[in-house]
Amino acid sequence: MHRGKGMKFVGDSRVLAPSERKPNIPKDYSEYPGKTEAFWPNFLLKEWMVGAVFLVGFLSLTVANPAPLERIADPTDTGYIPLPDWYFLFLYQLLKYSYASGPYTVVGAMVIPGIAFGGLLLAPFIDRGPERRPIKRPVATGSMLLALVAMVFLTWQAVATHDWKKAEEQGKIVAKVNINKADEGYQVFKNQGCINCHGENLQGGAGAPTLINTGLKAEEIAKIAKNGKGKMPAGIFKGNDEQLKKLTTFIEGLNKK
C-alpha cells in the first residue's frame with residue numbers, strides 16, 4: 001500500500017475449492033504407538049462398549065436383587081436406625097467417629113468430604129505433567145489411591161459393624177392389628193412403662209421387638225416379662241399377678257388368627 005494510491009487486496013490461492021477438499025480422515029497416529037489414538041471412532045467406540053457392558057451388568061443386578069420394602073416410616077419410633085444406600089456408606093461410617101459426629105457433625109459431613117473431593121478436583125491442575133502413566137504422576141495417582149482406599153475401608157466398616165438382625169426387625173412389615181387402647185391389658189402395658197420401648201402401637205423400637213403377631217402364648221409372655229429375654233432385663237415388670245395376666249392375655253390376643 002502506498003500513500004494516496006489506496007488499498008490492494010490479494011487473494012490466497014492456498015484455500016481449496018469445495019470440490020477439491022479432501023475427506024475428513026482421522027490423523028495417522030502410527031508414529032506414536034500405544035500413546036494416543038483417534039477420538040472418533042476408536043476411543044469413543046471403546047467408551048461406548050465399556051458403558052454398555054456396565055449398564056447391562058448393573059441392570060442384571062437390580063433385576064436379580066430388587067430393593068427390599070420396609071414398613072411405613074414412623075416418626076414416633078426414635079429407635080429406628082436408618083441405613084443409607086451403599087454408595088453413601090463410607091460417609092455414614094465417617095459420621096460415627098468422635099470428631100466427625102455430635103457437635104462436630106459439620107466437620108464430618110462437609111469439611112472432610114469437601115477437602116477430599118476438592119483435592120481430587122485440583123489434582124489434575126497441580127500435576128500437569130505430559131506423562132500418562134500413573135507411576136509418572138505421583139500427585140494425581142496418590143490422591144486417587146488414598147481416596148479409593150478410604151472409601152473402601154469406611155464402606156467395609158459400615159457393613160461389618162451394622163446390626164443387620166436388629167435392622168431387619170425394625171424394618172419388617174407387620175400386619176395391621178386393631179389395638180383397643182381402652183383394654184385393661186393395654187392400660188397395664190402403658191402404666192408399666194412397656195410403651196417406652198415397644199412403642200405406643202406395640203410396633204417395637206429402641207431395640208425392642210414388636211409385640212404384634214408374636215405367636216407366643218400368655219404363659220410364655222409372662223415368663224419373658226418376669227425373667228427377661230435378650231436385652232430386656234429380668235424383673236422389669238413391677239405389677240402383680242392379676243395385672244400380669246391382663247397384660248399377657250392382651251398381647252396374646254394380638255396374634256393373627
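The values are calculated or read from the model by the stated rules, or taken from the named source; none is laboratory data. Since the structure is predicted, the reported quantities are computational estimates derived from the model, not experimental observations. Here Cβ is always computed from backbone atoms with ideal geometry, including for glycine, and neighbour counts include all displayed protein chains.
For beta carbons closer than 6 Å, sequence separation of 6+ or different chains, a first residue in the stretch 129-157 that is modelled with pLDDT of 90 or more and a second that is assigned to a helix (DSSP H, G or I) and not hydroxyl-bearing (Ser, Thr, Tyr), the qualifying pairs are 151/90; 154/90; 154/93; 154/94; 155/89; 155/90; 157/93. Once the stretch 44-84 is narrowed to residues that are hydroxyl-bearing (Ser, Thr, Tyr) and farther than 25 Å from residue 154 by Cβ, the residue that is modelled with the highest pLDDT is 60. Count of the stretch 236-246 residues, restricted to those that are of a type outside the set (Lys, Arg), more than 25 Å from residue 177 (Cα to Cα) and in a loop (DSSP other than H, G, I, E, B), is 3. Can you pull out the residues in the stretch 219-232 that are over 19 Å from residue 201 (Cα atoms) and at pLDDT 80 or above? Those that are over 19 Å from residue 201 (Cα atoms) and at pLDDT 80 or above: 219, 220, 222, 223, 224, 226, 227, 228, 229. The residues of the stretch 214-235 that are surrounded by 14 or more Cβ atoms within 10 Å (Cβ to Cβ), part of a loop (DSSP other than H, G, I, E, B) and either touching a residue at least 12 places away in the same chain (Cβ under 8 Å) or under 31 Å from the mean Cα position of the chain (by Cα) (or both), listed by number, are 214, 216. The helices (runs of 4 or more DSSP H) located wholly in the stretch 115-198 that include 3 or more residues which are surrounded by fewer than 11 Cβ atoms within 10 Å (Cβ to Cβ) occupy 138-161. Can you find a residue that is of a type in the set (Ser, Thr, Tyr), within 25 Å of residue 148 (Cβ to Cβ), without any contact (Cβ under 8 Å) to a residue 60 or more places away in the chain and surrounded by fewer than 11 Cβ atoms within 10 Å (Cβ to Cβ) anywhere in the stretch 72-94? Yes, the stretch 72-94 contains at least one residue that is of a type in the set (Ser, Thr, Tyr), within 25 Å of residue 148 (Cβ to Cβ), without any contact (Cβ under 8 Å) to a residue 60 or more places away in the chain and surrounded by fewer than 11 Cβ atoms within 10 Å (Cβ to Cβ).
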